[in-house]
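To start, the structure itself, in C-alpha cells.
All of the numbers you see were taken from the coordinates with simple rules; none came from a lab. All values derive from a computational prediction rather than experimental measurement. Here the Cβ is made from the backbone with ideal geometry for all residues, glycine too, and neighbour counts use every protein chain on show.
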Amino acid sequence: MPSNSIDSSGTILRDARTRYTTSQREEDGARGAFDAELRRTGRTPRTEVSVSRAAAPSEVAELLGSVDAVVVRSREMFDGDRLVQLANTYIPVDVAEAAGVEQVDTGVGGIISRMKEAGYDQGDTAVEDVVLRPATQEEASRLGLSEGEPVMTITHIGRTQEGRVVEVTQHVLSKGWKLRFAVPLA
C-alpha cells in the first residue's frame, strides 16, 4: 500500500490517486488528463507533440529496466497561448508499437487508454514523485522564467498489474499550478 514518508533529507513523498481515471481522461472526448482538466475549467488546452525514438535518460532507463531506445513523446502544453507545462514521456518500443502511440494524436483518453486496449493496463494506481528544483536554462527560456527559478517537476510512473513499467513521464510545470492529492484516511 502506498504511503506518505519523509526520507533522511526531509523530502516528503506523496501519492496522487485519481487524476488518471478513465472517466476523467476521456471526459467529453478529451485526449488525456491535461486536455480534460483544462476543458473542465472552461480553458482552451493546446498541445504541441513530437514523437521520436531515442535513448532515455539514465534514471528513466533504470525505471524501464532497459538501456535500449524507447519511444519519446515530447509535449509543450498550453493554456490558450500560454505555455504551462513541458512533458516528456518514455515508452518501451514494444509497448508503443502494440498500443499505436507513435502518432501525434493518440485519440480519446490518450496513451493510457491505448495501452489498456493493447493489454498494458496500468490498473488503478500510478506513482508520481513531485520535486521542486531550479529550472534549467532551457526550461527557464521556454517557460518564461529566470534561470534557476524554482519549477515543480512530476515524474509519473505507470506500471502494469504485473509490475512492468510501461510509461515514465517527466512533467515540468510553470508558475500557476496547484496540486491536489486524495489520500486514504482509513
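See the values below:
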read-out: Long-range Cα-Cα pairs in region 62-186 (distance over 26 Å), rounded percent; value: 28
read-out: Relative counts (whole %) of C-alpha pair distances in region 131-174, using bins that are 5 Å wide; value: 6, 24, 22, 15, 10, 10, 8, 5, 1
read-out: Highest to lowest packing among 151-161, 77-87, 51-61, scored as the average C-beta count within 10 Å; value: 151-161, 77-87, 51-61
read-out: Within region 99-186, chymotrypsin sites (Phe, Trp or Tyr not before Pro) in DSSP loop having at most 13 other beta-carbon neighbours inside 10 Å; value: 177, 181
